[in-house]
1. Of the residues that sit in segment A:250-301 and are hydrophobic (A, V, I, L, M, F, W, C) and free of Cβ contacts under 8 Å to residues at least 24 places away in the same chain, which one is nearest to the other protein chains (Cβ to nearest Cβ)?
2. Say whether the condition of being within 13 Å of chain A (Cβ to nearest Cβ), modelled with pLDDT of 95 or more and not in a helix (DSSP H, G or I) is met by at least one residue in segment B:81-102.
3. If a residue must be surrounded by fewer than 14 Cβ atoms within 10 Å (Cβ to Cβ) and part of a helix (DSSP H, G or I), how many such residues does segment B:1-55 contain?
4. Is at least one residue of segment B:122-145 closer than 18 Å to residue A:292 by Cβ, surrounded by fewer than 24 Cβ atoms within 10 Å (Cβ to Cβ) and in contact with a helix residue (DSSP H, G or I) (Cβ under 6 Å, 6 or more places away or on another chain)?
5. Which one of these does residue B:153 not meet: (1) at pLDDT below 95; (2) at the interface with chain A (Cβ under 7 Å from one of its Cβ atoms); (3) more than 30 Å from residue A:229 (Cβ to Cβ)?
6. Could you list all residues from segment B:56-79 that are hydrophobic (A, V, I, L, M, F, W, C), over 20 Å from the mean Cα position of the chain (by Cα) and surrounded by 16 or more Cβ atoms within 10 Å (Cβ to Cβ)?
7. Restricting to segment B:178-232, what's the tally of residues that are among the small types (Gly, Ala, Ser), free of Cβ contacts under 8 Å to residues at least 24 places away in the same chain and part of a loop (DSSP other than H, G, I, E, B)?
8. Scanning segment A:124-143 for residues that are of a type outside the set (A, V, I, L, M, F, W, C), without any contact (Cβ under 8 Å) to a residue 60 or more places away in the chain and surrounded by 22 or more Cβ atoms within 10 Å (Cβ to Cβ), which turns out farthest from residue A:79 (Cα to Cα)?
Amino acid sequence: MIDRIVGGLRPPAPGSAPSNGHLAADAGLILDSSQLARGRVTPWEAVQTARNIARPHALDVIGRVFDRFQELHGDRSFRDDPAIVGGIAELAGRPVLVVGQQKGASTEENILRNFGMPHPEGYRKAIRLYGLAEKFHLPLVTLVDTPGAYPGPEAEERGQAESIASAIRAMSDLATPIVVVILGEGGSGGALALGVGDVVLALENSIYSVISPEGAAAILFRSASEAERAARAMKLAAPDLLELGIVDALIPEPTGGAHTDHDATARAIKTALVAQIDRLSRVPVADLLSTRYERFRAFGTIVEPPSEAPAPRRRWWRRGRDLLLRTRI
Amino acid sequence: MLFNKQLVRHLGVCTKCGHHFKLGATERLELLADPRSFSETDADLASADPLGFVDSRPYPERIAAAQAKTGRTDAIVTGDATVAGVPVVLAVMDFEFMGGSMGGVVGEKVTRAAERALAERKPLVIVAASGGARMQEGTVALMQMAKTVAALARLAAAGVPFVTVLTDPTTGGVLASYASLGDIVLAEPGALIGFSGARVTSETIGEKLPTGFQRAEFLLTHGFVDQVVPRDQLKERIGFFLNAFRVAGQDLRWSL
């Protein structure tokens, strides 16, 4: 018996306002998957587009969306991880703190950036920068684009899991507005370490998943070549994420995809960011934090039977009478 | 030669080599909770199928099979108990249920446990045993990491103690969320604890991994667990730490 479904699924009920209704005033965002201009691509096409090496990566976006970006380096304890970039910049005249995962546009650059797969020190750098954002009341913008956290032995030695858990914790109660933009690939926990915010936006052709389609195929179908089938089952494309409520709205890409026109993509991102930061900066921090808590609290579709209220206790004389009647029979 | 009865008598620890076999959730509760002190909460929460997920079988069939096998609705048991005399909120994961994977139900029960610990100012103890986030619930499972960690951040801000015990195995999204964040992090000897699967890691570097990689002792050496505690001392050790921590905001009138 399904008596109560607690869920983050949208739409909750026909006729009721969609939970992203507060974003409606912001021009240019896609709030419903039916608004997609070119219809939907197959999940596997979405995976290929999100991974396209010519897609705008974090620094491409930062250079076009923000002014006067000054990069900040290092986690103050081990080294500077080139797979995560961050610093202070101006967004339409307002100082903000921006942190993003950086992939390369060529093989050499990808080797330097470790293909956008951060080490623990990368996440610790991010945590340090989150702290600066809170301390100096700077809105935080994060740009997610990673196949996942680096799974190598040195990353394990330096506590990859702990660094991700700490980054998620730091974001969950960071007393400043946070806007997350998923640029390309949102690879599991390694992406979530930059992915907890008041508003989560995604580019139209981005993906976000709990495990890579190849990884899922290897486990579920015992063959990495079944990745296409796994991608279909996983609902990882941006329109699916919008329907699940994982992201609040999509940022439209130019015809042909973000990789065909970095400038147009950046303009769309900038419009969205300016509107969101303007709106969030007017919300008192306490409300911001409680709304952020509730946003993530709501995820998880579960079935819960009604709590059984104990039957009202009968009066003592009725209980006595019942007892007498029963003994007589 | 190892006899089953002998193994049960020794809490699932081999008397010859000290190997710690996996414990089921029921045996784990018997080990940690004081006799007759455990009362379960949220026992009936069950998983729905947010994605309509089908691999070789539909997800609801997998859940039904796991429920039939374990007699539980999902991969975690939560409730109130006393551990070495200290009242706590206790959560114990069950690896037998779909590899202890975290979907909506595990996330919800951990979050509720943390919220109850906060409301009642009782320490929270979580025993982790999990392969990670549950693939069949996709990004909804991923979001459980953010949900549980947010609840624990509130618990930490209120000064309520939180102890985690990492047992064999604790990996992936569970280790990368609540399992790593205890004020005290304990591990059982020899337990496999790591972020990514050893097979993935060895494929990444294209060579075999050294013995002991991602074992409890490896994490101790690298500074990510406080102690590796043999199973027969676990309860007493948790009790020691909880007795040493005074819960902020707890009513102390009766202790004067």
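The values are calculated or read from the model by the stated rules, or taken from the named source; none is laboratory data. From a predicted model like this one, the values you see are computed outputs, not experimental measurements. Virtual Cβ from ideal backbone geometry, glycine too; neighbours counted across all protein chains shown.
1. Filtering first and then ranking leaves A:286.
2. Yes, segment B:81-102 contains a residue that is within 13 Å of chain A (Cβ to nearest Cβ), modelled with pLDDT of 95 or more and not in a helix (DSSP H, G or I).
3. 6
4. So far as segment B:122-145 goes, no, none of its residues is closer than 18 Å to residue A:292 by Cβ, surrounded by fewer than 24 Cβ atoms within 10 Å (Cβ to Cβ) and in contact with a helix residue (DSSP H, G or I) (Cβ under 6 Å, 6 or more places away or on another chain).
5. Of everything listed in (1) at pLDDT below 95; (2) at the interface with chain A (Cβ under 7 Å from one of its Cβ atoms); (3) more than 30 Å from residue A:229 (Cβ to Cβ), residue B:153 misses just condition (1).
6. none
7. Residues in segment B:178-232 being among the small types (Gly, Ala, Ser), free of Cβ contacts under 8 Å to residues at least 24 places away in the same chain and part of a loop (DSSP other than H, G, I, E, B): 3 in total.
8. Ranking the candidates gives A:142 first.
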